[in-house]
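Worksheet: one structure, shown below.
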Amino acid sequence: MTGNPRVLISLFLLTAYVFVVPVAGFFVTTGAYLAAHIAFLGIRPAWLVLAVVAGALIFLYLVFIQFLGVPIPHGALY
Amino acid sequence: MIESILDGFLVALQPWNIVFAFIGALLGVILGGMPGISATLGIALLVPVTFDMSTVGALIFLGGVYCGAIYGGSISGILINVPGTPAAVASMLDGYEMTRQGRGGHALGTAVAASLVGGQIGVIVLLFLAPIVAMVALEIRSAEFFWIVVFAMTTVGAIGSDSALKGLMSGMIGLAVATVGMHPMTGTLRFTFGEPALYEGIPVIVGLVGLFSISQVLVLCEGQGMNTQLKVPKLGSMWPGFRELNRYRGTFFRSSVLGTLVGLIPGAGADIAAFIGRSEARRRSREPEQYGKGSMEAVIASEVANNAVVGGSLIPMLTLGIPGNAVTAALLGGLLIHGLIPGARLFEDQGDILYPFMVSLLLANLFFAVIAFSLLRYIAKVILVPQGIIAPMVMALAVIGAFSYRNMVFDIYIMLALGLVGYLMRKAAFPLAPIILGIILGPLAEENLDRVFSLASAQDISVIQYFFSRWITIALMALTVATIVLSIVREVRFRRLGQAETAPDG
């Protein structure tokens, strides 16, 4: 592959995300994934990462669940 | 035809459809403005939003995204020298130069005016030319349609990339992916490995999201996640003045025509149109020495051309169901979800949907211009969103998009796998547009070829004889061969010159 460790670790995070989603549910997994990946890609400080994750989850919930009613993978933890 | 256009206005001006066009244009400008999100990716990510909309509403919304994103790409190019979409590379050359000279506001305003004029002329040509092409297209039979698909895939593969060989190989990979699932005529299962999720083949939207979103997420992960050095430069006044723009009315006109024509050709997208528009304007310019040094004329020439492509590129897509580039392929993916089957009859059967859609593009162009002139000071901030935030967000949206089409977890796995394939191919300089074209057009080509087989056997002749018994198919075969020969000649010539031509995908 490219040998770029950033890409390899990112690919690992994407894979983990995709395989955990159907087990744990979309919102829990997405929150954990976003926090991990955003922090890994070098976004600082920590409160910014958390604010982005919280904002993203609320946004996704409002747009896709409340407004559009798009189905989303459910798991053990919602 | 005029009545159809007027009817189209009636539907397009219904309150909800106006809202869809507006939101589409707004989201298009914002997404297109973010570095790393192209018009193709923007549409791929927003298709799931349209699942519950009416067919007309969904098309109007996605059309707005297309118009807005092609314009929006110019914002980050002009302000920070990072093109938001490949189509914005040409206008960046002079636009960023203008910003460095403190004329950033004027550069942005010029780009808006140019995009608006180019976009509208392209759509007007679309409105009047598409019905004529559609009438001719009605005469198309299976044999011709099969060869049109082959021709389109050949041009997209050969023109749209540095290497014709790599482009054609990408197309073949797409066709191979399209064979997964049930045979369109006999129902035989192929390459499904007993997995029920694969019986209907790999859904276009899953392929689209995987190839374009996931590969882009990985590309964005390569670099620095956060750049604290960047800031939006001072803009100053945006309106460059009517008299100033009027000086270049010839450029406006020529670039519109060029851009629309380039849009018609399969394989050449907005990025190529912008460069052709710019170099043609330079050739005719009274001040060619200014090009590259902050020439307003150069910004106009490239921005007019890339927005005129929108209308032109929709002509083959709407009349034949054949997308000529990645963006229209993404749009067609959105169409398929709403049950519109691409093909020569699309225009005939679905005119009540297509006319409102085409007319709404005029509105979408107006909306992005209004949005740009009134809100650009705020929207321009999106160019500062760091890639470390964009990439994971794109991933989360991609998961929703892949899953929600059929409510199948398996589709998320397919998406990730295709994304990895797409990333590796991009690293090896293979273009992605031919793959998605193969996935969309493969089943159509196969179905028509099958029909040709039965027609030929009914006449007791071989398929080859059947193809050569019709002059349109002979012409299409000749064109296909000519495209390949010409692209090889071009490549050999470039290698002799020792310089590589750059042609980014999109």
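For the stretch B:140-163, which residues satisfy the criterion of being of a type outside the set (Phe, Trp, Tyr) and within 20 Å of B:Phe347 (Cβ to Cβ)?
B:Ile140, B:Arg141, B:Ser142, B:Glu144, B:Ile148, B:Val149, B:Ala152
Do we have any residue at all in the stretch B:54-74 that's surrounded by 24 or more Cβ atoms within 10 Å (Cβ to Cβ) and within 19 Å of B:Lys293 (Cβ to Cβ)?
Yes, the conditions are met somewhere in the stretch B:54-74.
Do we have any residue at all in the stretch B:388-396 that's small (Gly, Ala, Ser), within 21 Å of A:Gly42 (Cβ to Cβ), within 10 Å of chain A (Cβ to nearest Cβ) and more than 25 Å from the chain's Cα centre (by Cα)?
Scanning the stretch B:388-396 turns up at least one residue that is small (Gly, Ala, Ser), within 21 Å of A:Gly42 (Cβ to Cβ), within 10 Å of chain A (Cβ to nearest Cβ) and more than 25 Å from the chain's Cα centre (by Cα).
Would you check if B:Gly187 is modelled with pLDDT under 85 and either more than 20 Å from the chain's Cα centre (by Cα) or surrounded by 14 or more Cβ atoms within 10 Å (Cβ to Cβ) (or both)?
Criteria met by B:Gly187.
Let me confirm something: among B:Val219, B:Val257, B:Val232, which residue is within 14 Å of chain A (Cβ to nearest Cβ) and either surrounded by fewer than 22 Cβ atoms within 10 Å (Cβ to Cβ) or touching a strand residue (DSSP E or B) at 6+ places or on another chain (Cβ under 6 Å) (or both)?
B:Val219
State yes or no: is A:Ile9 touching a Pro at 6+ places or on another chain (Cβ under 8 Å) and either assigned to a helix (DSSP H, G or I) or buried (at least 18 other Cβ atoms within 10 Å of the Cβ) (or both)?
Taking the combined requirement at face value, the residue does not satisfy it.
Suppose we filter A:Gly75, A:Gly42, A:Gly69 for residues that are more than 7 Å from chain B (Cβ to nearest Cβ) and not in a helix (DSSP H, G or I); which single one remains?
Of A:Gly75, A:Gly42, A:Gly69, the one residue that is more than 7 Å from chain B (Cβ to nearest Cβ) and not in a helix (DSSP H, G or I) is A:Gly75.
Report whether or not B:Leu126 is of a type outside the set (Asp, Glu) and over 19 Å from the mean Cα position of the chain (by Cα).
Against the criterion (of a type outside the set (Asp, Glu) and over 19 Å from the mean Cα position of the chain (by Cα)), B:Leu126 does not qualify.
Which condition number in (1) more than 9 Å from chain A (Cβ to nearest Cβ); (2) surrounded by fewer than 22 Cβ atoms within 10 Å (Cβ to Cβ); (3) under 15 Å from B:Cys221 (Cα atoms) is the one that B:Leu424 fails?
(1)
When only residues in the stretch B:369-421 that are touching a residue at least 40 places away in the same chain (Cβ under 8 Å) and in contact with a Ser or Thr (Cβ under 7 Å, 6 or more places away or on another chain) count, which is surrounded by the most Cβ atoms within 10 Å (Cβ to Cβ)?
Ranking the candidates gives B:Ala398 first.
The values are calculated or read from the model by the stated rules, or taken from the named source; none is laboratory data. Small disclaimer: the values here were computed from a predicted structure and weren't measured. Neighbour counts are summed over all protein chains in view; Cβ atoms, including those assigned to glycine, are modelled from backbone coordinates with ideal geometry.
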